[in-house]
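Report on the structure given below.
Every number here is computed from the coordinates shown, using simple stated rules; none is lab data. Here the structure is a predicted model, which means the values were calculated and not measured. Here the Cβ is made from the backbone with ideal geometry for all residues, glycine too, and neighbour counts use every protein chain on show.
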Amino acid sequence: MVADLDLYRDREHSFIKHQFLTQYLRSAAYKTLQGRSPTFNFVDAFAGPWRVSDDAKYSDASFDQAINTLEAVRSDLANRGIDGLKMRFCLCERRPDAAARLRSYAAQKQNFEIYIFEGEFENNLASIASELRDGFTFTFIDPTGWNIRNDKVFRFLREQRGEFMLNFMSDHINRHAGYNEVSESFGRFLADSEWSSDFARLPGDWTNEQRMLHLIKTAMRRNKIATYLPDFSIMLPRFERLKMRLIFGTHNPHGLQLFRDVQQKVEIQEMEIRNSLREGENPQVNLFSSEYIAEIQQQQKGVGGKANRERAQSIIMKYLEENPNALAGSVINVAMERIAIRKTQINTLLIDMRKRGIIIFDLPPRKKVPQDNTRINLP
């Protein structure tokens with residue numbers, strides 16, 4: 001479970017990151033353990049602990065929150081009579097002092113199956129994989145930069161065929177991508193030593209961060225580690241500046257839906273926190289609460305908001321131009337991956353587009369929205 005916000009003073013963006021992680025894990029574990037697999041594996045590639053305020057229990061560290069969140073799900077399902085469920089944790093950390101702290105932490109939790117790996121994540125992949133003997137695997141990759149040998153990491157993720165989340169350090173990447181001094185490290189990050197020529201060919205009005213985001217997703221698709229790669233942007237709490245993006249990778253449309261569902265919940269928390277911080281810095285009394293302002297902001301530019309519905313409509317129209325008689329499931333997945341919008345919101349949009357005569361499809365008997373196998377066309 002997520003630690004108190006007070007532990008994240010001046011690093012509220014990390015609080016939002018951990019909120020996203022734990023809410024995703026909770027939802028994914030319930031779905032996985034009740035159908036897909038009785039075993040849930042969690043791999044923390046850069047476990048730390050890093051800059052924690054709770055030095056005693058590490059309650060503001062990702063690994064402690066993941067363990068407590070997944071154990072709560074297992075315990076709840078066991079109380080419902082679903083037995084034989086297993087949680088497995090692989091925590092990797094390159095710094096010897098931090099790895100020693102992880103071992104001490106694991107020794108205090110002997111009821112859990114926790115494995116500690118010291119050294120670079122890329123050098124421990126074979127050992128980690130040997131512990132993941134069965135079950136569904138989620139890999140959390142949260143580095144402090146981008147100096148990762150992703151050719152090896154991509155191979156690991158491809159073999160696991162689970163889901164993963166990469167913290168894409170947007171602010172740092174945007175400021176450094178144009179420097180020749182970091183060309184080699186970006187080549188390792190993109191698993192492509194010739195990346196700079198592709199970078200130069202991308203639209204000139206894109207930021208460095210947008211170009212690198214495009215290249216890393218292209219590399220992920222090329223290495224077949226995910227079919228869908230949505231992302232969630234996290235802002236610096238007191239500024240209108242992008243701090244990081246969480247890139248999520250999955251082969252499963254249900255994973256894509258889950259990502260957007262979680263994003264809508266966490267996004268409004270981020271907006272509330274940022275509004276509250278600004279209120280605290282402004283001596284004038286605001287007429288409206290931070291919660292109310294966050295709701296308005298989300299309706300305008302957040303998940304399923306006006307701006308994203310308009311963008312989703314444009315993507316749907318373009319997709320149908322290139323793919324006549326497309327299935328609704330494919331249309332929904334394409335829009336949901338590229339735009340911050342949930343499946344239920346896209347279904348509502350499709351019904352509205354049908355009423356306006358922009359698209360054509362037949363509703364199945366006794367159904368109010370198109371089904372995944374419903375054919376959709378332009379007029």
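Charged neighbours of Glu122, selected by a Cβ distance under 11 Å, balance to +3 (K, R count +1; D, E count -1). Of all aspartates and glutamates in the structure, the ones whose alpha carbon falls short of 15 Å from that of Lys86, not counting any fewer than 8 places away in one chain, are Glu71, Asp76, Glu113, Glu131, Asp134. Close amide H partners of Asp192, meaning residues 5 or more places away or on another chain with modelled amide H under 5 Å apart, do not exist here.
Rg and Dmax of region 297-359, based on Cα coordinates, read 11.0, 36 Å. Helix 12-31 and the longest principal axis of the Cα set of the chain meet at an angle near 80°. Loop-resident chymotrypsin sites (Phe, Trp or Tyr not before Pro) (DSSP state other than H, G, I, E or B) in region 1-58 with no more than 16 further Cβ atoms inside 10 Å of their Cβ: Trp50. Potential lengthening of the chain between Asp352 and Lys368 amounts to 4.6 nm, from the contour at 0.36 nm per residue minus the alpha-carbon distance. Quotient of the Cα radius of gyration of region 5-276 and 2.2 N^0.38 Å, N being its number of residues: 0.99.
Relative to the current alpha-carbon distance between Glu131 and His251, full extension at 0.36 nm per residue lengthens the span by 41.0 nm.
Here the Karplus curve 6.51 cos²θ - 1.76 cosθ + 1.60, taken at θ = phi - 60°, turns the phi angles of region 250-262 into couplings of 7, 9, 9, x, 5, x, 4, 4, 4, 4, 5, 4, 5 Hz, with x standing for Gly and Pro. For the chain, the longest principal axis of the alpha carbon atoms and the long axis of helix 290-301 meet at an angle near 50°. Extending 7 Å from Cα along the Cβ direction at Gln300 and again at Gln110 yields two label points whose distance is 5.8 nm. Contact order, relative form, for the chain: 12 percent (alpha carbon pairs under 8 Å, 6 or more residues apart, mean separation divided by residue count).
Helix 328-338 and the longest principal axis of the Cα set of the chain meet at an angle near 60°. Give a residue-ordered list of calculated ³J(HN,Hα) values for region 305-316 (Karplus: 6.51 cos²θ - 1.76 cosθ + 1.60, θ = phi - 60°; whole Hz; x for Gly, Pro). Karplus-based 3J(HN,Hα) across region 305-316 equals x, 3, 4, 6, 5, 5, 5, 5, 4, 4, 5, 4 Hz. Each residue of region 170-176 was assigned a 3J(HN,Hα) from its phi angle through the Karplus curve 6.51 cos²θ - 1.76 cosθ + 1.60 (θ = phi - 60°); the sequence is 4, 4, 5, 5, 4, 7, 10 Hz, with glycine and proline shown as x.
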